[in-house]
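Participant: One structure follows; several queries about it will come next.
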Amino acid sequence: MRSILLILATLLASTPTNITAQPLPNTEALKLEGDIASHLVDGVDRFLLKQLDHSIAARSQYWNRDTSSAAAYSKSVTPNRARLAEITGVVDSRIAFNDLEVIGGTTDGPVQGSSAAFEAIKIRWPVIRNIHGVGLMLKPTKPNGKYVIAVPDADHTPEMISGLVPGLGVPQQYARHLAENGFTVLVPTLISREYAARNGRAKMTSREFLYRSSFILGRHLIGYEVQKILALVDWCSSRNNDEVSIGVIGWGEGGLLTLYSAALDERIDAACVSGYFNSRQTIWSEPISRNVYALLDQFGDAELATLIAPRKLVVEAAAGPELELAGNGGAPAKLASPLLSVVSAEMDRAIELIGAPNLTPFNLIATKDGQGDFGSPNSLRQFAQDLGQTAKWSVEPVDLTVSDNQGDAKQREATQMREIDQHNQWLLSESHFVRKDFMNKLDTSSVAAYEKSAQWYRDYFREETIGHFELDLLPLNARSRLIEKNDKWSRYEVVLDVFDDVIAYGLLTLPTGIKADEQRPVVVCQHGLEGRPQDVIGEQSHQYYSGFATALAERGFITFAPQNLYIFTDRFRTLQRKSYPLRKTLFSTIVPQHQQIVNWLKTLDQVDSKRIAFYGLSYGGKSAMRIPPLVTDYCLSICSADFNEWVFKNATTRYNFSYMWTGEYEIFEWNLGGTFNYAEMAFLIAPRPFMVERGHFDGVGEDHWVGYEFARVQYMYQAKLKLKDTTEIEWFDGPHKINGVGTYRFLHKHLDWPEPQAK
């Protein structure tokens, strides 16, 4: 704040007293006061909340339910089921296996407890590659031939819901009660919400830690845990030649996984979801490990329930897990118990969406107005009946003898985390080949053929990676005011309308001496994380920017310094979280802001509309990789202090510079590992000129990773497209900063503007 006040004081001190904030020609007077950046972020927040509200009605475009029969209904929702599998990362083939592995050692046997009704046995089973599930089998003394997968909450262990260790009262030990009533019960272990510093840096839950690398690689912790459940379904369904009844039940995070698993796999005959079913319109405030990209585009909990139909579903309205995470590097979050009124409304919505009572054997059972304990006898009894249990439900627990050799739950979880992390690191090593296959439709036989073939990828990038609001841009409604003037240039604040509640804002610097009929090139100069346009105009205001917007204006370029959204820490990161469930990102809003900026710049008499360039530092360099592929009015792009083997930087757990350890929890973008690394983004800029500015001592990465990724860009430009002089990299001895040597030459060359004469 102090630096901003100093900037403003400097501006006021250097502005002649006869300037009265007059606007540019053909613009209205800018009267907006206060912190315009804050106004901008607040407006986008309002905009996104409205988009979230609109998402419920908009989902209908993706559904074509046929209720003429159960078979017809199941077939009609197959595309929606496939989409759910894709966005939750349930995309890998599971390992086939014949039997569960019983775990036991020389000092501790596999049996963890027993009673007259069942025996609890430690088990393990293969899932994907080197990922295994571990947990318990509760093997009944008198099996009824039916199988249940009982999924605990993330902060409960299999032993807790089976009555083997303290932590839950007997009434909440739902795995135990099901086994006592004759069900063969399988209880998987989940990753917990343990909150700790990672690599001595950002504090986050274990679930967020694994979510991060999974997400950018097109996988999800939800997906991995669903796969563990479905591997158990594989085993259950292979037990005999007769039809097998299979149910899944869970509370809290177990309820989440139950809902997703039953929605995805039609072999599950009945599901019981407790302490989770809710409206998901505020999913952005829940733990980030629940964030599913594009979820609300097609699905709320009601829509997920319609994927379970015509199979049976019990929703138990009960108190759910409650917690609040302050952040400290990880994503702030809050979990509160679902309100009965909301649960009931969501269930009603599911039934209404289907519109056929014979296809909705759903039951809502509330405990104490929806805020009571989970695992109520009424819920378990209904669930058992849904699975075909005809015997009377017994509510009396059977005395249980517990083994002295209980396993170490923390060590077990550490192994589970290590397996998922190692799998993600393997996916990371393979991701280059996945992207190469993804990009194989590019035609490099000529530049014209390349541009034509690249359009499909640009459209995919716009719709699936960045995200695109199907909204028309508003009229420009340009407002401006002069804020500083000297003998070299004049500087204006400018505000433009973009969408309802969304504005674009920045600083325009016009060099002095532009002739009446002259049109000059423009350089859009983009600040980095937590930056402001004011940071890029004065060398003393920020050491990393070298005043490059002003320096370029003094070289004769018109410059425009936009305010981007990545400011005010959690305020902007929450915008990313609100965007993701809509199949959108921060850049879904930033791109149209820049399109509107370019549209306005092209209306200025002094601007050559064919010579508008983009140059950004740090997060502005991140912008340089994502905006010009879609705002094709930018004739070139320069990425400074950001270019990297981006997927590696996000997902690796071997390097300290990785975002796996830092507070940028919003940085992870869905499935870039399988689609667009920085080289592939640069391919969408080609054949327009593209440059990288890299300081050897910039901690955002290491030279060999930057060089590796840029070599791929260079190969495309120079070897494949024969564009010999349109891509460059400047290495310099320096830190994270604008160097302004090679990049300035690049701008003069490709914007066809003479370099200043040496004095």
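Participant: Wholly within region 526-605, which helices (runs of 4 or more DSSP H) include no fewer than the required count, namely at least 1 residues that are within 30 Å of residue 285 (Cα to Cα), aliphatic (A, V, I, L, M) and open to solvent by 10 Å² or more (accessible area, probe 1.4 Å)?
Facilitator: So the answer is 586-601.
Participant: Could you tell me how many of the residues in region 176-197 are more than 23 Å from residue 146 (Cβ to Cβ) and acidic (Asp, Glu)?
Facilitator: Residues in region 176-197 being more than 23 Å from residue 146 (Cβ to Cβ) and acidic (Asp, Glu): 1 in total.
Participant: Further question on the same structure: Applying the selection to region 689-735, what residues are open to solvent by less than 40 Å² (accessible area, probe 1.4 Å), in a loop (DSSP other than H, G, I, E, B) and not small (Gly, Ala, Ser)?
Facilitator: Answer for region 689-735, where residues must be open to solvent by less than 40 Å² (accessible area, probe 1.4 Å), in a loop (DSSP other than H, G, I, E, B) and not small (Gly, Ala, Ser): 689, 698, 700, 721, 723, 726.
Participant: Counting only residues that are within 15 Å of residue 346 (Cβ to Cβ) and touching an Asp or Glu at 6+ places or on another chain (Cβ under 6 Å), which one in region 281-308 is surrounded by the fewest Cβ atoms within 10 Å (Cβ to Cβ)?
Facilitator: Applying the filter and picking the extreme gives 302.
Participant: Would it be correct to say that residue 483 is in contact with a strand residue (DSSP E or B) (Cβ under 9 Å, 6 or more places away or on another chain) and β-branched (Val, Ile, Thr)?
Facilitator: Yes; evaluated as a whole, the condition is true for this residue.
Participant: Condition (residue is on the phi > 0 side of the Ramachandran plot and buried (at least 22 other Cβ atoms within 10 Å of the Cβ)) applied to region 372-381: is it met by at least one residue?
Facilitator: yes
Residue by residue, here is whether (1) outside any strand (DSSP E or B); (2) in contact with a helix residue (DSSP H, G or I) (Cβ under 6 Å, 6 or more places away or on another chain); (3) under 30 Å from residue 720 (Cα atoms); (4) touching a residue at least 12 places away in the same chain (Cβ under 8 Å) holds:
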{"position": "448", "(1), (2), (3), (4)": "yes, no, yes, no"}
{"position": "462", "(1), (2), (3), (4)": "yes, no, yes, yes"}
{"position": "468", "(1), (2), (3), (4)": "yes, yes, no, yes"}
{"position": "492", "(1), (2), (3), (4)": "no, no, no, yes"}
{"position": "521", "(1), (2), (3), (4)": "no, no, yes, yes"}
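Participant: In region 612-662, what residues are closer than 30 Å to residue 557 by Cβ, open to solvent by less than 10 Å² (accessible area, probe 1.4 Å), of a type in the set (Gly, Ala, Ser) and not in a helix (DSSP H, G or I)?
Facilitator: 613, 616, 637, 640, 641
Participant: Any idea which of 211, 224 is under 21 Å from residue 95 (Cα atoms), open to solvent by less than 10 Å² (accessible area, probe 1.4 Å) and not basic (Lys, Arg)?
Facilitator: Residue meeting the stated conditions: 224.
Participant: Looking only at region 545-570, which residues are touching a residue at least 60 places away in the same chain (Cβ under 8 Å), in contact with a Pro (Cβ under 8 Å, 6 or more places away or on another chain) and not polar (S, T, N, Q)?
Facilitator: If the condition is that a residue be touching a residue at least 60 places away in the same chain (Cβ under 8 Å), in contact with a Pro (Cβ under 8 Å, 6 or more places away or on another chain) and not polar (S, T, N, Q), then 553, 554, 555, 556, 557, 570 are the ones that fit.
Participant: Take residue 86 and decide whether it is among the acidic types (Asp, Glu) and either crowded, with 17+ Cβ neighbours inside 10 Å or part of a strand (DSSP E or B) (or both).
Facilitator: Spelling it out, it is not the case that residue 86 is among the acidic types (Asp, Glu) and either crowded, with 17+ Cβ neighbours inside 10 Å or part of a strand (DSSP E or B) (or both).
Participant: Something else about it: Tell me which of these residue 320 doesn't satisfy, since it passes every other one: (1) touching a Gly at 6+ places or on another chain (Cβ under 6 Å); (2) not in a loop (DSSP other than H, G, I, E, B).
Facilitator: Against the list (1) touching a Gly at 6+ places or on another chain (Cβ under 6 Å); (2) not in a loop (DSSP other than H, G, I, E, B), residue 320 comes up short only on (2).
Participant: When you scan region 452-472, how many residues do you find that are open to solvent by 50 Å² or more (accessible area, probe 1.4 Å) and either of a type in the set (Ser, Thr, Tyr) or in contact with an Asp or Glu (Cβ under 8 Å, 6 or more places away or on another chain) (or both)?
Facilitator: 2
Participant: Given the conditions (1) in contact with an Asp or Glu (Cβ under 8 Å, 6 or more places away or on another chain); (2) of a type in the set (Lys, Arg); (3) in contact (Cβ under 8 Å) with a residue 12 or more places away in the chain; (4) part of a helix (DSSP H, G or I), and given that residue 75 satisfies all but one, which numbered condition is not satisfied?
Facilitator: (3)
Participant: Only residues that are within 21 Å of residue 616 (Cα to Cα), of a type outside the set (Lys, Arg) and either touching a Gly at 6+ places or on another chain (Cβ under 8 Å) or not in a helix (DSSP H, G or I) (or both): list them for region 736-759, please.
Facilitator: 736, 738, 739, 740, 741, 751, 752, 753, 755
Participant: Here's something else I'd like to know. Being part of a loop (DSSP other than H, G, I, E, B) and either open to solvent by 30 Å² or more (accessible area, probe 1.4 Å) or of a type in the set (Phe, Trp, Tyr) (or both) is the filter here; which residues of region 100-141 pass it?
Facilitator: 103, 104, 105, 106, 107, 108, 109, 110, 116, 129, 130, 141 - these are the residues of region 100-141 that are part of a loop (DSSP other than H, G, I, E, B) and either open to solvent by 30 Å² or more (accessible area, probe 1.4 Å) or of a type in the set (Phe, Trp, Tyr) (or both).
The rows are residues; the columns are (1) of a type in the set (D, E, K, R); (2) open to solvent by less than 30 Å² (accessible area, probe 1.4 Å); (3) closer than 30 Å to residue 21 by Cα; (4) touching a Leu at 6+ places or on another chain (Cβ under 6 Å).
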{"position": "34", "(1), (2), (3), (4)": "no, no, yes, no"}
{"position": "37", "(1), (2), (3), (4)": "no, yes, yes, no"}
{"position": "42", "(1), (2), (3), (4)": "yes, no, yes, no"}
{"position": "49", "(1), (2), (3), (4)": "no, no, no, no"}
{"position": "54", "(1), (2), (3), (4)": "no, no, no, no"}
{"position": "66", "(1), (2), (3), (4)": "yes, no, no, no"}
{"position": "71", "(1), (2), (3), (4)": "no, no, no, no"}
{"position": "76", "(1), (2), (3), (4)": "no, yes, no, no"}
{"position": "79", "(1), (2), (3), (4)": "no, no, no, no"}
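Participant: Which condition does residue 147 not pass, out of (1) of a type outside the set (Gly, Ala, Ser); (2) open to solvent by 10 Å² or more (accessible area, probe 1.4 Å); (3) not in a strand (DSSP E or B), if it passes all the others?
Facilitator: The number of the failed condition is (3).
Participant: Here are some residues: 117, 179, 150. Which one is at pLDDT 95 or above and touching an Asp or Glu at 6+ places or on another chain (Cβ under 7 Å)?
Facilitator: The match here is 117.
Participant: Kindly provide the set of residues from region 571-593 that are touching an Asp or Glu at 6+ places or on another chain (Cβ under 9 Å) and without any contact (Cβ under 8 Å) to a residue 60 or more places away in the chain, ordered by number.
Facilitator: none
Participant: Kindly establish whether residue 480 is open to solvent by 10 Å² or more (accessible area, probe 1.4 Å), assigned to a strand (DSSP E or B), among the polar types (S, T, N, Q) and in contact with a Ser or Thr (Cβ under 8 Å, 6 or more places away or on another chain).
Facilitator: Here the answer is no, as residue 480 does not meet what is asked.
Participant: Take residue 589 and decide whether it is among the β-branched types (Val, Ile, Thr), over 25 Å from residue 47 (Cα atoms) and in contact with a Leu (Cβ under 8 Å, 6 or more places away or on another chain).
Facilitator: So residue 589 fails the test.
Participant: Hey, another quick one. Is it true that residue 96 is small (Gly, Ala, Ser), open to solvent by 10 Å² or more (accessible area, probe 1.4 Å) and either within 29 Å of residue 316 (Cα to Cα) or in contact with a Gly (Cβ under 6 Å, 6 or more places away or on another chain) (or both)?
Facilitator: Criteria not met by residue 96.
Participant: Kindly check whether there is at least one residue in region 191-206 that is over 15 Å from residue 414 (Cβ atoms), at pLDDT 95 or above, of a type in the set (D, E, K, R) and open to solvent by less than 10 Å² (accessible area, probe 1.4 Å).
Facilitator: Checked region 191-206: no residue is over 15 Å from residue 414 (Cβ atoms), at pLDDT 95 or above, of a type in the set (D, E, K, R) and open to solvent by less than 10 Å² (accessible area, probe 1.4 Å).
Participant: Further, regarding this structure: When you scan region 414-429, do you find a residue that is open to solvent by 50 Å² or more (accessible area, probe 1.4 Å), of a type in the set (Phe, Trp, Tyr) and over 30 Å from residue 267 (Cβ atoms), even just one?
Facilitator: no
Participant: Output the residues belonging to region 356-402 that are free of Cβ contacts under 8 Å to residues at least 24 places away in the same chain and under 30 Å from residue 75 (Cα atoms).
Facilitator: 357, 385
The values are calculated or read from the model by the stated rules, or taken from the named source; none is laboratory data. No experiment lies behind these values; they were computed from the predicted model shown. Positions of Cβ are backbone-derived with ideal geometry, glycine not excepted, and every protein chain shown enters the neighbour counts. Heads up: the accessible areas ignore ligands, DNA and RNA and are worked out on the full protein's heavy atoms, side chains in. Shrake-Rupley method; radii C 1.70, N 1.55, O 1.52, S 1.80 Å.
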